[in-house]
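Below is one structure, written out as structure tokens, with a few remarks after it.
The values are calculated or read from the model by the stated rules, or taken from the named source; none is laboratory data. This one's a predicted model, so the numbers in the text were calculated from it and none came from an experiment. Here the Cβ positions follow ideal geometry from the backbone for every residue, glycine too, while neighbour counts run over all protein chains shown. Heavy atoms of the whole protein, side chains included, go into the accessibility calculation; ligands, DNA and RNA do not. Shrake-Rupley method; radii C 1.70, N 1.55, O 1.52, S 1.80 Å.
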Amino acid sequence: MSPSGEVLASVSSALAVALVLLACVELGDAAAAVGVYRLIQYDLAGAPLGSRAAALNHHAAALPLPAGADLSRSALVAPLLDLPLSFLREYLADKKHLGGLLILLPTNHTDDKGQVKGVLTELERLLVHEQVPYPVYFAFHDDSFDNLLADIRKIAASGQPASATTGGYKLVVPSAEPRKVSSPTISNIQGWLPGLKGEGDTEQLPTIAIVANYDTFGAAPALSVGSDSNGSGVVALLEIARLFSRLYSNPKTRGKYNILFGLTSGGPYNYNGTSKWLRSFDQRVRESIDYAICLNSVGSWSNDLWMHVSKPPENPYIKQIFEEFSDVSKEIGVSVSIKHKKINVSNPRVAWEHEQFSRFRVTALTLSEMSSPPEFLESTGGLHDTRESTDVESVIRTVRLVSESLARHIYGLKGRNIDVFAENSSLALNHHYIRSWLDLLSRTPRVAPFMQKNDPFIEALRKELSQHTADVHVQNDALDGMFTFYDATKATLNVYQVASVTFDLLFLLVLGSYLIVLFCFLVITTRGVDDLINIFRRPPSRKLKGA
């Protein structure tokens, strides 16, 4: 081969490689990766519920859909407020095939908070209590999704929905088959403020228990932060512990009551952790409890708070507790109402946390902004329960109400208008402390089966309670066996813009023609036309060769 031919061959080969690479870059330029959150998958008493699939590899579709559209090989992308719940109910009830569903959550919904909360509540109620055969993911709506939806709708408007033939966008979530969470645990955290015994007093001091469950449950475990339910109750408990630790640190102001603080797990699951926590107590400890105050969803009320009890309001002890709370509530300008609900011993389900105490014959009550108990696995820190839904002032009012009522009970100040925790005093409430902990809880998903024994958040709660109380320890136990949970709660969604088969065939034809012409040119310039013809000439048969 002559030097000029070698140079020409090298240049032509490089040009061919560059063309191929340029085409590949052009085809892969529209890929993007987005963090998404999967719909919960669990079994309840053997019944499969939630999303039963995780892997996604389908072309994207958007609303509105043409009449009679087949979505069996499509993944529907829909902003929350644009997704008709009737559509989902129809697909679930009629068992229609859907490739997948991506629901876009608003990033900031302060203007339409009421509407978003209502839609999210209904959506969770539908998805959590049904078996969903296709993968369902949540993502936060941003500008990139606006562009994606606009392109998908433009393709759909052409009358040719996205497919392998027409091209469009493809959504891919590479995920292995979800596995069962082995041996899920619940962790209860407790701490004591021991009271002051008199000289020669050998009897056990009475105890008042302040309790709040800290874990959550929702349609997307990785988004279930539960700012109000029950982050607000946890924050209120920590502040009450901090306030009384200041009083109890001085023997002169230490009360003649023990105060027991309990942060319990398993709240959404029939307060399973509370039951096991109480069972772990010595009988004498349970008998020493005068009463227990359970704090549940106290972060979004303005004027009305409810005291839920199992014993009749006419019960002398219940009446005394209610009067103490009523006196303080009038002074701070809020209303506390009492609501009585009997316990059905034959029904293992409990509506409120205090009912687990009542089953052990311990007087207890629940303070909540809710006037009636929620349904099973509802109002337990779902998608709508974010920091925007919780008000710091509501938590402050709750802390003031509970701490002042307790102080008057412990120190015998009933009927005396004394503010033990007055503003601008050394015992004043710390608003910054309350706000900081509420912000932290609003960033921390707390679905118990996905939290390990040594989870950093559990350790943070234990450490914080240790700052204010004594004998702090963590009790680990197994979650009730009627629940089975599956992993794969978060994933990465890859969005690809794919070309149509027509484009692929045309590109392949052009590239093949170019390579054939290049090959012929190189052979002619280096070997001649005769050699090129001989390449394509049919070789002689063996019979002719033998002759």
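In summary, strands (runs of 3 or more DSSP E) completely within the stretch 65-155 and bearing 2 or more residues that are touching a Gly at 6+ places or on another chain (Cβ under 9 Å) and within 19 Å of PRO48 (Cα to Cα) occur at 136-140.
Per the listing ARG349, ARG361, ARG286, the residue uniquely at positive phi and at pLDDT below 95 is ARG361.
Per-residue answers, yes or no, for (1) in contact with a strand residue (DSSP E or B) (Cβ under 7 Å, 6 or more places away or on another chain); (2) modelled with pLDDT under 95; (3) outside any loop (DSSP other than H, G, I, E, B); (4) over 25 Å from GLY226 (Cα atoms):
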site	(1), (2), (3), (4)
PHE261	yes, no, yes, no
GLY266	yes, no, no, no
ALA292	yes, no, yes, no
SER297	yes, no, no, no
SER302	no, yes, no, no
MET307	yes, no, yes, no
PHE325	yes, no, yes, yes
VAL336	yes, no, yes, no
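Going by the structure shown, is ALA75 open to solvent by 40 Å² or more (accessible area, probe 1.4 Å) and among the hydrophobic types (A, V, I, L, M, F, W, C)? Walk me through how you get there before you give the answer.
Working: open to solvent by 40 Å² or more (accessible area, probe 1.4 Å): no; among the hydrophobic types (A, V, I, L, M, F, W, C): yes.
So ALA75 fails the test.
Number of residues in the stretch 331-358 that are surrounded by fewer than 13 Cβ atoms within 10 Å (Cβ to Cβ) and closer than 22 Å to SER379 by Cα: the value is 5.
Of all residues in the stretch 523-538, which are open to solvent by less than 100 Å² (accessible area, probe 1.4 Å) and at pLDDT below 75?
The first filter runs over the stretch 523-538 and keeps only residues open to solvent by less than 100 Å² (accessible area, probe 1.4 Å), leaving 523-526, 528-529, 531-535.
Within the stretch 523-538, VAL523, GLY528, VAL529, ASP531, LEU532, ILE533, ASN534, ILE535 meet the criteria.
Would you check if ALA219 is in a loop (DSSP other than H, G, I, E, B), crowded, with 23+ Cβ neighbours inside 10 Å and of a type in the set (Gly, Ala, Ser)? If you could, list the steps in order and put the result at the bottom.
Details: in a loop (DSSP other than H, G, I, E, B): yes; crowded, with 23+ Cβ neighbours inside 10 Å: yes; of a type in the set (Gly, Ala, Ser): yes.
Judged against the criteria, ALA219 is a match.
Among residues of the stretch 299-327 that are farther than 11 Å from LYS339 by Cβ and without any contact (Cβ under 8 Å) to a residue 60 or more places away in the chain, those with a Cβ under 8 angstrom from a residue that is among the aromatic types (Phe, Trp, Tyr) and part of a helix (DSSP H, G or I), sequence gap 6+ or separate chain, pair up as LYS311/TYR317.
Only one of (1) farther than 21 Å from SER229 by Cα; (2) among the β-branched types (Val, Ile, Thr); (3) at pLDDT 95 or above fails for ILE343. Which number is that? Among (1) farther than 21 Å from SER229 by Cα; (2) among the β-branched types (Val, Ile, Thr); (3) at pLDDT 95 or above, ILE343 violates only (3). For the stretch 39-49, a residue qualifies if it is open to solvent by 10 Å² or more (accessible area, probe 1.4 Å) and within 23 Å of LEU383 (Cβ to Cβ), and the qualifying residues are GLN41, ASP43, LEU44, ALA47, PRO48, LEU49. For GLU393, the criteria (1) touching a helix residue (DSSP H, G or I) at 6+ places or on another chain (Cβ under 7 Å); (2) open to solvent by 30 Å² or more (accessible area, probe 1.4 Å) hold in every case but one, which is (1).
Please specify each residue of the stretch 428-448 satisfying the condition of being over 30 Å from THR185 (Cα atoms) and open to solvent by less than 30 Å² (accessible area, probe 1.4 Å). Walk me through how you get there before you give the answer.
Taking the stretch 428-448 as the starting set, the residues that turn out to be over 30 Å from THR185 (Cα atoms) are 428-432.
If the condition is that a residue be over 30 Å from THR185 (Cα atoms) and open to solvent by less than 30 Å² (accessible area, probe 1.4 Å), then ALA428, LEU429 are the ones that fit.
All conditions but one from (1) closer than 19 Å to GLY218 by Cβ; (2) free of Cβ contacts under 8 Å to residues at least 60 places away in the same chain apply to ASP94; the one that does not is (1).
The residues on offer are GLN160, GLN131, GLN190, and the sole one that is farther than 30 Å from SER245 by Cβ, at pLDDT 95 or above and open to solvent by 10 Å² or more (accessible area, probe 1.4 Å) is GLN131.
For the stretch 405-414, the criterion of being open to solvent by 10 Å² or more (accessible area, probe 1.4 Å), over 27 Å from the mean Cα position of the chain (by Cα), modelled with pLDDT of 95 or more and β-branched (Val, Ile, Thr) is met by at least one residue. Does ILE318 satisfy being touching a Ser or Thr at 6+ places or on another chain (Cβ under 8 Å) and open to solvent by 10 Å² or more (accessible area, probe 1.4 Å)? Against the criterion (touching a Ser or Thr at 6+ places or on another chain (Cβ under 8 Å) and open to solvent by 10 Å² or more (accessible area, probe 1.4 Å)), ILE318 does not qualify.
Of all residue pairs spaced 6 or more apart or on separate chains, those with beta-carbon atoms under 8 Å, a first member in the stretch 406-423 that is closer than 14 Å to ARG246 by Cα and a second member that is surrounded by 12 or more Cβ atoms within 10 Å (Cβ to Cβ) and charged (D, E, K, R) are VAL420/GLU404; VAL420/ARG408; PHE421/ARG400; PHE421/GLU404.
Only one of the numbered conditions (1) within 19 Å of LEU493 (Cβ to Cβ); (2) open to solvent by 20 Å² or more (accessible area, probe 1.4 Å); (3) at pLDDT below 95 is violated by ARG52, and that is (3). Restricted to the stretch 449-465, and to residues there that are acidic (Asp, Glu) and either open to solvent by less than 60 Å² (accessible area, probe 1.4 Å) or not in a helix (DSSP H, G or I) (or both), the residue that is nearest to SER187 (Cα to Cα) is ASP455. Cβ-Cβ distances below 7 Å connect the following pairs, each with a first residue in the stretch 357-384 that is within 14 Å of ILE210 (Cα to Cα) and of a type outside the set (A, V, I, L, M, F, W, C), a second residue that is open to solvent by 50 Å² or more (accessible area, probe 1.4 Å) and assigned to a loop (DSSP other than H, G, I, E, B), and a separation of six or more residues or different chains: THR363/LYS311. Is there any pair with a first residue in the stretch 426-446 that is of a type outside the set (A, V, I, L, M, F, W, C) and a second that is open to solvent by 30 Å² or more (accessible area, probe 1.4 Å) whose Cβ atoms are under 6 Å apart and which are 6 or more apart or on different chains, and what are they? Sorted first by the residue in the stretch 426-446, then by its partner, the pairs are SER442/ARG387. Residue pairs whose Cβ atoms lie under 6 Å apart, separated by 6 or more positions or on different chains, with the first residue in the stretch 59-71 and within 14 Å of LEU88 (Cα to Cα) and touching a residue at least 12 places away in the same chain (Cβ under 8 Å) and the second part of a loop (DSSP other than H, G, I, E, B) and among the aliphatic types (A, V, I, L, M), are LEU71/LEU98.
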